[in-house]
Each structure stands twice: as C-alpha cells, then as structure tokens.
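The values are calculated or read from the model by the stated rules, or taken from the named source; none is laboratory data. Since we're looking at a predicted model, the values are computed, not measured. Note: ideal-geometry Cβ built from the backbone for every residue, glycine included; neighbour counts use all protein chains shown. Protein only, heavy atoms only, side chains kept; ligands, DNA and RNA dropped before computing areas. Shrake-Rupley method; radii C 1.70, N 1.55, O 1.52, S 1.80 Å.
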Amino acid sequence: MSALISIVLAVDPLVAVEATALDPAILDAAFLSTLPATTGFYLALAMVTLVVHVLFMNYAIAGTLYVAAAAVAGRYSGRSAMGSTGSLSMVVRDWLPSAVSAAITAGIAPLLFIQIVYQKAFYTANLLLFNRWMAILPVLIIAIYLMYLLKAKHLVTTRATKAAVGVGAAALMVYVTLAFVENHLVSLAPSSWPSMYESSASMLGSALLWLRLGMWTAGAFPLFCAIAAWQLVRGAGGAGENECAAAARTLARLALVGGAISLACLVGCAFKSDAFAASTTSIAGRPYAIVACLGACVAAGAWTVILVRQRLPRALVAAACTGSLLVVAGMTVVREVHRLAQLSGTDGAPREVPFGGGFAVFVLFAAIGLGVIAWIVRTVARSLPPTAP
Amino acid sequence: MAWNRHNRSDGLKGLVHLRAGARGNRVSRIGNRWIDFHQFASILHAIREQGFSASSRYISPMDASAYIPAVYPVNDFGPVMKGLVIGGLGIFHVFLAQFAIGGGFLIWWFEWLGLTGREPLADRVVSSVFRVLILLSFVVGALTGVGMWLTSIQVSPQTIGLMVDEFHWIWATEWIFFWLEMTAGYAFFRYRDILAPRARLALLAIYSIAGWGSLFWINGILSWQLTPGAWTETHSVWDGFFNPTFWPSLLFRTVACFVLAGLGAAIVINAMPGFTRDERTRIINRCSIFFLPMLSMPLLAGWFLEVIPADSRSWIMGGSMTMTMFLNIAAGASALIGGYAVIGLWRQRLSMNGATATLLAALALGATAGGEFVREGIRKPYTVREALFANATTPAQIASLRVSGVTAHDPYPLRNRADFPTEQLALGRVVYRNQCAICHTVSGTNGLTELMGGWSIEQKRLNVAKLQWTKGFMPPFAGTPSELEALVQYISWEYAERRAGWPESRDPAVFAQIARWLDEAGTAPAPRAQELAQRAESPR
Ligand code: HEM
C-alpha cells in the first residue's frame with residue numbers, strides 16, 4: 001500500500017515533462033480549426049476509425065475479464081441451468097475471438113492515419129518501448145488461442161483449467177492495454193525521449209500510467225455490457241427472455257461499477273496531469289467533454305433503470321449503447337486536444353502533409369465494401385431462426 | 001500553432017526550397033536533379049547565415065526535411081541482423097497469407113463440387129480446411145501482418161514513413177478488403193449450416209476475392225520499393241503502384257498462393273480421420289489442379305528478371321554469392337515441388353501422404369524464404385530505389401550530411417556511454433548506429449569486426465570513404481571526415497576487444513585524405529554513378 005501511495009505522490013516521469021506548456025493557440029480555438037486542412041482531415045479520420053476500434057476493443061478487454069471472473073467463480077458453462085452468468089458468459093465466450101479479430105482489423109486504420117499525422121511521436125514511442133511494445137504481437141496471438149480454448153468444451157474441462165485459461169487470457173489482454181497506454185503517454189513527452197532512451201527506463205513507476213490503464217480497463221465495461229445486452233436481446237446463443245432477465249442485473253452492476261471506477265481514474269489523471277485537466281476544460285475540449293458527460297448520464301440512467309427493473313427492454317439497451325458511444329466519441333476528441341496542445345511546437349508536432357493520391361479509389365471501394373458487408377449481414381440475419389418477441 | 005512541415009517531394013527528389021520567414025514564401029528553388037556537393041555546401045552555408053535551425057517548428061525559414069533525415073532512437077538487436085528479423089517474420093507472414101488466399105479459392109471450389117454433386121466428400125473437406133484457415137490466418141496471419149508493420153517501424157521508421165506518406169490511400173483501400181475478408185470468413189464459419197447454398201458460395205467468393213485483393217494492393221507497394229518506375233519523375237501514386245514489376249510479381253505470388261493452398265489442404269486431409277485410402281487419394285488428386293499454375297513460374301520469373309534494374313539482376317546472377325544462392329534455393333525448391341506435384345499428381349499416378357505433403361510444404365517454405373530474401377536483397381543499396389537508401393537517407397541528404405555530419409542531428413545519447421573511454425570512440429559508435437546498424441552488427445551476423453577488422457587502418461578509411469564502390473549494394477557514406485575516422489577507430493577498437501588506452505586519432509593529414517577520398521567517391525550510389533559515367537562516355 002505504501003508503495004502505491006509513493007507512486008501516486010512521487011514526481012511522475014511522464015508528468016514532469018508537461019512543464020513544457022501547452023500551446024494556448026490550440027486550447028483557445030475550436031478543435032481542428034488551427035490545423036492545416038489535410039492534417040485536420042487525416043486526424044479526423046484517425047479519430048473516427050479509433051472510435052470503431054474502441055468499440056470492439058472494449059468488448060475484448062471487458063469481455064475477457066468478465067469471462068475470467070465467471071470461470072474463477074465457477075459460473076462458466078452451460079445455459080440457463082447455470083443461472084444468469086452461465087448464459088451471458090457463454091455468449092461472450094462464443095464471440096470473444098471474433099471481437100478481438102475485429103478490434104485488430106479496426107485498429108489498422110487509426111494506425112495508418114496516426115502515422116501520417118504524428119509520425120515522429122508515434123514511431124519514437126514504439127522505438128523507446130521496443131520489446132515491451134513488440135510483445136503485444138505474441139501476447140495477442142496467445143490470448144486469442146486461449147479464447148478459442150475457452151470455447152473448446154472437450155479440451156478445457158476442469159474448473160481449475162477453465163479459471164487458469166480465463167485468467168491467462170485476461171492478463172494478456174490487460175498487458176496489451178498497458179502497452180497501448182504506455183505508448184501513448186511516451187509519445188506525449190518529446191523532451192524526455194533522449195533520457196528515456198539513455199536509461200531504457202520503463203514508465204511503470206508512473207501513477208499516470210496506472211490511472212490511465214484503470215480508466216481504459218474499467219471504462220471498457222459500460223460499452224461491453226451494452227453490446228452484450230444487445231446480443232442477448234437479439235437472441236444470441238439462443239438466449240430468451242429468462243436469460244435476458246437473469247443477465248440484466250449482472251450487466252447493470254458491471255456497467256455502473258466499471259463506469260464509476262473509470263470516472264475515478266479519470267479524475268485521478270486530471271489531478272496528476274495539469275495538461276490533461278487544462279485540455280479537458282479548454283475551449284477546444286469543453287464541448288466534447290460535455291458530450292461525454294451527457295453520454296455518461298444517459299448510460300448511467302439507463303443502467304440504473306435496468307438494475308431496478310431487472311429486465312432488458314430494447315429502448316433502455318439502445319440508450320445505454322448510445323450513451324457509451326457518446327462517451328467514447330467525446331473523450332476521443334478530448335484525448336486529441338490534449339495531444340495536439342502538448343505536442344505543438346515540439347519535435348513530435350503534427351505534420352503538415354500533402355494530400356495523398358488514390359483517395360477516389362478508396363472512396364469507391366469503401367462504398368462497395370460497405371454495401372457488400374451490409375449484404376452479408378442481411379443474408380445471415382435472414383437465415384437465422386426467428387427470435388422470441 | 002506549430003507543426004512539422006513535411007515536404008515529401010523535396011526530400012525525395014533533392015529539391016531544395018528556401019523559405020524566408022513567412023509560410024510558403026519561396027525564395028529560390030533548385031531543380032529536380034542530383035545535387036552537386038559543392039553547390040549544396042554553399043546553399044547550406046547560405047541557410048546557416050539566415051539562421052537556420054534543425055527545429056521542426058513550422059516557422060523555420062527552411063524546410064528541414066529536405067536534407068536532414070528524421071532521426072529516431074536506434075535499438076540494438078544484439079547479434080541479430082535487423083534484416084533477419086524483418087525477413088524472418090516476412091517469410092512466415094507471406095507463407096501464411098498466401099496459404100490463406102489460395103485456401104479461400106480451394107474451399108470455394110470444393111464447396112461448388114459438393115453443391116453440384118460432383119464430390120460427395122466435399123462437405124467434410126470444406127469444414128476441416130476452413131477451420132484450419134480461420135484458426136491460422138485470422139490469428140497468426142493477421143497478427144504477423146500487423147507485426148510486419150510494427151517491425152518495419154523498429155527496423156527503419158524512415159522507410160515505412162515514406163511508404164505510408166506515398167501510399168496511405170492504397171493501404172486504406174486494402175483495409176476495406178481486410179474487413180470484407182473477415183466478415184465473409186466469419187459469416188461462413190459461424191453460419192454455414194443455416195445458409196442457403198448460393199449464399200455459401202457467394203460468401204466464399206467474397207472471402208477469396210477479398211483475400212486476393214489485399215495481395216493486389218500490398219503487391220503494388222512492395223514492388224514499388226524495388227522498381228518505382230515513372231514515379232521517380234512524376235510522384236504519381238498510380239505510376240508507383242503499377243510499376244514495372246507489379247504484374248510479374250502479382251502473378252507469381254498468385255501462383256504461389258494456389259500451390260500453398262494445395263499443399264496445405266493435402267496436409268489437412270491426411271490428418272483428418274475417417275477417410276479410406278482411396279478417398280484420400282481422390283480428394284488430394286482433386287487438389288492437384290491447384291499445382292498446375294506452377295508451370296507458368298519459370299516464365300513469370302523470367303519476366304520479373306527482365307524488368308528489374310540491371311544492377312539488381314547482376315547481384316542474383318553471380319554478383320553476390322549469398323543472393324545467388326538464395327535464388328537457387330528458391331528455384332530449386334520450386335522445381336522439386338513442381339516436378340512432384342505437376343507430373344505426379346496431375347497425371348493421377350501418385351498419391352501424397354501426410355509426410356510427403358509436409359515435406360513439400362517445408363520445401364515451399366524454403367522457396368518462399370529464398371524468394372523473399374532475394375526480393376529484399378536486390379533492392380540494395382536502397383529501401384526505395386532512387387529515393388531512400390538502406391540507411392534511411394535520401395540521395396540529397398547524403399550531400400548535406402557530408403557537411404553537417406550525421407551525428408549532429410542525433411539527440412539520443414549512448415546508453416552505455418561509460419563503456420567508451422574517449423569521445424572519438426563514443427562518436428564512432430553513434431556513427432555506426434546511424435549509418436551501419438541497419439544492415440550490420442558489430443560482431444554478430446554480418447558483423448563489422450568480422451568483415452573489416454583485419455584490414456589495415458588505411459584500407460578501412462579508404463573502403464568506408466568509398467563505400468558504394470567497396471560493395472555496390474552499400475550506400476555512399478553520409479558523414480564528415482571526422483565522423484568517418486571515429487567510425488574506423490571504433491571498429492578497430494571493437495576488433496581489438498576494446499583494448500584499454502586506445503589513443504584518439506587527430507592527425508589533420510588523415511582527415512584531409514579522407515575528405516579527398518569522399519570527394520572522389522561522390523555522393524551518388526555506385527550503379528547510378530556508373531550509369532552516369534556510361535552516359536557521359538557514350539557518343540552523342
Ligand atoms: C485487442 C487488443 C487491443 C487492445 C486491448 C487495445 C487497446 C488500446 C487502448 C487502451 C488504446 C488507447 C491508448 C491510450 O489512449 O492511452 C488503443 C489505441 C490504439 N490502438 Fe489498440 N488495442 C488492441 C489492439 C490493437 C491493434 C492490433 C492495433 C493495430 C492494428 C491497434 C491500434 C490502435 C491505435 C492506432 C490506437 C491509437 C494510438 C494513438 O492514438 O496513439 N490496437 N488501443
């Protein structure tokens with residue numbers, strides 16, 4: 001405990017550099033208005049695609065943690081016979097590998113656009129983290145195979161092995177989250193890059209890192225719960241009204257507690273990092289912070305009603321989903337205001353890039369691709385057996 | 001507000017823009033050509049007079065990216081050459097990805113055989129092979145793909161940065177194809193049993209075409225690195241994309257996809273329980289149609305060799321022992337697979353048991369490894385031909401770095417500075433890190449102490465100063481005479497196992513001699529310089 005307190009109180013290696021001052025020109029103007037048009041366009045694309053990434057990634061992080069906890073608690077397999085957690089965990093387990101695949105595929109687009117806008121900062125952070133960063137690849141491969149193992153009823157049979165596999169997969173997913181958080185924070189500290197390189201130091205002593213990790217990990221639950229509720233309502237895994245009712249309370253509790261912890265960590269981040277606090281309340285960040293607050297209120301309201309009623313009415317599930325998406329979208333912009341203000345004028349400043357060739361072809365194939373994906377979804381949906389009303 | 005001004009074509013073509021204070025206000029411009037060293041030095045002098053700083057602030061009077069490479073921290077991979085890391089991962093990824101692409105078509109074909117009643121066992125083949133495909137390609141295949149990207153950043157951030165700058169919309173288009181592949185693949189995997197036959201076939205068609213489409217897009221970017229073609233002049237994405245090696249390498253890789261799918265299916269079918277020997281033979285013989293396109297491989301390889309640059313061709317035709325050997329491995333392994341599969345299976349005289357299929361797949365891995373090694377190797381001394389050298393400098397930057405020095409722009413201190421007894425040795429290590437570490441280690445794979453430790457000190461100075469002439473696949477040295485001398489001292493000190501009391505070398509005559517050699521060597525790469533010399537000699 002005392003170690004934890006000393007981490008929180010100590011001079012933070014990632015915060016110390018913030019003295020380099022934020023760029024007021026960014027904070028005092030509407031978001032994106034200060035950037036050259038092409039840079040703004042690429043950054044906007046990076047954010048839109050990041051929101052899609054976060055959607056799947058939240059399901060992957062919170063879903064794995066939930067399945068691990070259910071496995072440890074012994075409420076793992078089967079359907080209604082095992083009570084509420086049984087049915088929910090079965091649906092989540094079934095969809096986890098696909099959700100992680102989708103998170104990875106979705107991650108490629110922001111990875112591309114971030115490299116255009118923040119090439120130097122992103123690459124330098126990757127290089128400074130080196131092995132810790134590159135480890136996410138084998139870690140993700142092992143995590144996904146563990147998730148497939150969780151689905152293989154004949155291979156993983158005892159409670160202990162189920163718990164071990166579940167906890168293993170969850171720990172690996174938390175590691176990946178930690179790596180992304182550390183990468184982001186290191187990219188925000190250009191003046192420390194040479195000293196970080198010289199000492200090969202990790203940022204694990206940074207309270208900001210752990211608070212941010214807590215924010216992302218706990219913050220993954222509200223959206224995960226909303227998507228999982230949606231799946232149950234739509235009859236995934238054969239869930240009927242009983243399963244929905246049984247899962248309602250678990251989901252509502254998880255979402256509310258996860259949201260509250262995430263909020264606490266966010267406040268902690270704001271206390272630790274003046275830059276983060278200033279960006280959130282700045283002219284550029286404020287409107288989006290308000291959108292996020294409104295979203296949080298809508299989601300919290302919806303989950304509270306669900307908790308009281310112990311049912312999953314579609315309207316409330318839709319409200320919870322919309323609310324969480326507003327939080328993710330709003331905070332994505334606030335996150336970017338912070339990065340822009342902090343990196344402006346430094347070695348990691350965003351670049352003014354010429355507009356690349358081939359955009360028309362991209363738009364054409366994006367339209368065709370969306371059409372084909374819509375066709376696939378429709379075809380599958382039409383083939384599914386009808387769900388109970 | 002301040003941001004990094006990025007001027008792509010300047011850095012690449014050797015254009016120099018001078019900006020006086022205000023944004024975009026050009027004072028002078030030197031045309032699209034190789035910059036004369038002395039001219040450049042005087043320009044640099046002029047810029048310095050105007051108060052140039054290498055800062056990335058937009059208000060800088062000069063676009064720094066034109067002649068100063070972006071400097072990144074360099075990681076030490078120990079005894080492992082960086083090329084081996086990216087190459088090793090690349091081989092693995094290409095092998096898996098090609099199996100997945102060909103596998104899509106193979107499964108589509110079996111699904112069709114089953115639906116039309118031509119093959120009663122098709123259903124079982126489809127479900128088994130597709131399960132393997134999903135488990136392999138959607139996990140290891142996808143993550144090694146992301147891994148290629150992240151490893152490229154570790155090995156040469158400048159190269160991947162340039163590729164992203166030029167081709168991001170192509171990559172974004174490829175990303176659409178990833179989504180298509182994933183959506184169709186999972187939809188088929190999860191819902192095959194409840195889907196109508198036509199829908200199943202359609203999903204497999206989408207999956208296969210999307211997989212091949214991703215090959216189509218990435219092939220344009222990778223082949224551009226070797227043969228940028230008209231892009232060098234026009235900087236048009238499509239000139240770069242449909243470059244001279246685009247079609248031969250696309251077709252060659254497509255054939256490889258089919259072959260790997262056939263071999264992979266043969267392994268899976270042999271591993272599946274419940275088939276009689278005759279059934280296995282029949283199914284594997286059906287797969288053999290996927291080996292037939294191999295007949296076109298010699299032709300496609302010939303086409304590829306025909307259109308690559310002459311110097312690249314010369315490396316694999318005996319100019320470089322290692323590259324020639326790898327080409328032979330690729331050709332030999334392919335010939336063995338082709339001989340066995342095409343002659344034996346297509347004529348339906350042979351069956352292929354699990355061991356044989358695995359052996360042939362191992363040979364195919366060898367062929368992929370040989371092919372990828374050759375592809376990486378023949379680009380040297382460039383990572384993007386005519387635009388970026390292997391050590392992440394542009395041709396224009398070489399000239400400037402000979403004046404300003406390569407270490408002057410590197411803000412990263414040495415990690416273990418205390419191990420270096422003199423400033424000169426420490427400087428030498430920083431030069432090594434910036435100039436050599438991309439392709440060499442100190443004393444591991446392709447180690448410099450091994451390669452040049454035994455040379456006399458004079459030989460070392462001469463050969464490094466004329467690096468591009470020492471070996472044509474090395475770039476010209478990009479640094480000042482004192483940096484070159486520091487490098488030579490550092491390598492000698494490492495060769496002497498870090499002997500104590502190593503003296504600093506300060507003789508002005510030595511620096512003057514190195515400067516003369518650097519001037520004689522010029523700043524153009526050897527093949528380019530040869531080409532220019534030939535052009536100058538040829539009668540008008
Ligand atoms: C499924 C496992 C993954 C998890 C749990 C995960 C988690 C995260 C988290 C927590 C962040 C936000 C970091 C922060 O703001 O501090 C993030 C951002 C991001 N992720 Fe993922 N991620 C995963 C996989 C991937 C993969 C495989 C890719 C690439 C293909 C990717 C691409 C990105 C990008 C580009 C960003 C934005 C980075 C930036 O803005 O600097 N993610 N991810």
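Quick one: is B:GLY90 of a type outside the set (A, V, I, L, M, F, W, C) and within 15 Å of B:PHE290 (Cα to Cα)? Here the answer is no, as B:GLY90 does not meet what is asked.
Specify the residue that is farthest from the ligand (Cβ to nearest atom); the eligible residues are those in segment A:34-43 that are more than 9 Å from every other protein chain (Cβ to nearest Cβ) and open to solvent by 30 Å² or more (accessible area, probe 1.4 Å). Restricting to residues being more than 9 Å from every other protein chain (Cβ to nearest Cβ) and open to solvent by 30 Å² or more (accessible area, probe 1.4 Å), the top hit is A:ALA37.
Is it the case that some residue within segment A:186-195 is away from chain B (no Cβ under 14 Å) and either closer than 25 Å to A:MET331 by Cβ or surrounded by fewer than 20 Cβ atoms within 10 Å (Cβ to Cβ) (or both)? Yes: one or more hits. Name the one entry in A:VAL72, A:VAL51 that is more than 14 Å from chain B (Cβ to nearest Cβ), within 12 Å of the ligand (Cβ to nearest atom) and either modelled with pLDDT under 95 or open to solvent by 20 Å² or more (accessible area, probe 1.4 Å) (or both). Exactly one of A:VAL72, A:VAL51 is more than 14 Å from chain B (Cβ to nearest Cβ), within 12 Å of the ligand (Cβ to nearest atom) and either modelled with pLDDT under 95 or open to solvent by 20 Å² or more (accessible area, probe 1.4 Å) (or both), namely A:VAL51.
Considering segment B:178-193, and only residues there that are open to solvent by 20 Å² or more (accessible area, probe 1.4 Å) and more than 7 Å from every other protein chain (Cβ to nearest Cβ), the residue that is farthest from B:VAL384 (Cα to Cα) turns out to be B:ASP193. When segment B:119-140 is filtered for residues that are open to solvent by less than 10 Å² (accessible area, probe 1.4 Å) and part of a helix (DSSP H, G or I), the ones remaining, listed by number, are B:ALA122, B:VAL125, B:VAL126, B:VAL129, B:PHE130, B:LEU133, B:ILE134, B:VAL139. Residues in segment A:365-387 include none that are of a type in the set (Lys, Arg) and over 26 Å from B:TYR186 (Cα atoms). Condition (residue is within 16 Å of the ligand (Cβ to nearest atom), more than 7 Å from every other protein chain (Cβ to nearest Cβ), in contact with a Phe, Trp or Tyr (Cβ under 6 Å, 6 or more places away or on another chain) and under 30 Å from B:VAL80 (Cβ atoms)) applied to segment B:149-170: is it met by at least one residue? Within segment B:149-170 (the criterion being within 16 Å of the ligand (Cβ to nearest atom), more than 7 Å from every other protein chain (Cβ to nearest Cβ), in contact with a Phe, Trp or Tyr (Cβ under 6 Å, 6 or more places away or on another chain) and under 30 Å from B:VAL80 (Cβ atoms)), the answer is no, since none of the residues qualifies.
A quick yes/no check of all residues on (1) touching a residue at least 24 places away in the same chain (Cβ under 8 Å); (2) among the polar types (S, T, N, Q); (3) in contact with a Lys or Arg (Cβ under 6 Å, 6 or more places away or on another chain):
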| residue | (1), (2), (3) |
| --- | --- |
| B:ASN270 | yes, yes, no |
| B:THR281 | yes, yes, no |
| B:PRO298 | no, no, no |
| B:PHE304 | yes, no, no |
| B:VAL307 | yes, no, no |
| B:MET323 | yes, no, no |
| B:GLY338 | yes, no, no |
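For segment A:112-166, the set of residues classified as of a type in the set (Gly, Ala, Ser), within 17 Å of A:SER98 (Cα to Cα) and crowded, with 24+ Cβ neighbours inside 10 Å consists of A:ALA143, A:GLY166, listed by residue number. Looking at A:PHE113, is it within 11 Å of the ligand (Cβ to nearest atom) and either touching a Leu at 6+ places or on another chain (Cβ under 8 Å) or more than 10 Å from every other protein chain (Cβ to nearest Cβ) (or both)? Here the answer is yes, as A:PHE113 does meet what is asked.
Looking across B:ARG540, B:ARG498, one residue alone is in a loop (DSSP other than H, G, I, E, B), modelled with pLDDT of 95 or more and not assigned by TED's automatic domain parsing to the domain that holds B:MET323. It is B:ARG498.
Could you tell me whether segment B:63-70 includes any residue that is acidic (Asp, Glu) and at pLDDT 95 or above? Checking segment B:63-70: not a single residue is acidic (Asp, Glu) and at pLDDT 95 or above.
Return yes or no: is A:SER383 within 14 Å of chain B (Cβ to nearest Cβ) and without any contact (Cβ under 8 Å) to a residue 12 or more places away in the chain? When the stated conditions are applied, A:SER383 passes them.
Of the helices (runs of 4 or more DSSP H) lying entirely inside segment B:347-432, those containing at least 3 residues that are not assigned by TED's automatic domain parsing to the domain that holds B:PHE290 are B:395-404, B:423-431. In segment A:196-210, of all residues being away from every other protein chain (no Cβ under 14 Å) and in contact with a Phe, Trp or Tyr (Cβ under 9 Å, 6 or more places away or on another chain), the one that is farthest from A:GLY268 (Cα to Cα) corresponds to A:LEU204. Please pick out the residue among A:LEU129, A:LEU172, A:LEU140, A:LEU146 that is facing chain B (nearest Cβ under 7 Å) and in contact (Cβ under 8 Å) with a residue 12 or more places away in the chain. A:LEU140 is the lone residue from the list that is facing chain B (nearest Cβ under 7 Å) and in contact (Cβ under 8 Å) with a residue 12 or more places away in the chain. Report, by residue number, each residue of segment B:410-455 that is more than 13 Å from B:TRP493 (Cα to Cα), within 14 Å of chain A (Cβ to nearest Cβ) and surrounded by fewer than 19 Cβ atoms within 10 Å (Cβ to Cβ). Those that are more than 13 Å from B:TRP493 (Cα to Cα), within 14 Å of chain A (Cβ to nearest Cβ) and surrounded by fewer than 19 Cβ atoms within 10 Å (Cβ to Cβ): B:ASP410, B:PRO411, B:PRO413, B:LEU414, B:ARG415, B:ASN416, B:ARG417, B:ALA418. Only residues that are in contact (Cβ under 8 Å) with a residue 60 or more places away in the chain and more than 7 Å from chain B (Cβ to nearest Cβ) were counted in segment A:338-365, giving 9.
Is there a residue being within 16 Å of A:ARG93 (Cβ to Cβ), within 12 Å of the ligand (Cβ to nearest atom) and modelled with pLDDT of 95 or more anywhere in segment A:148-168? The answer is no; no qualifying residue exists. May I ask you to verify whether A:LEU128 is touching a Lys or Arg at 6+ places or on another chain (Cβ under 6 Å), more than 8 Å from the ligand (Cβ to nearest atom) and assigned to a helix (DSSP H, G or I)? Considered against the rule, which asks whether it is touching a Lys or Arg at 6+ places or on another chain (Cβ under 6 Å), more than 8 Å from the ligand (Cβ to nearest atom) and assigned to a helix (DSSP H, G or I), A:LEU128 comes out as no.
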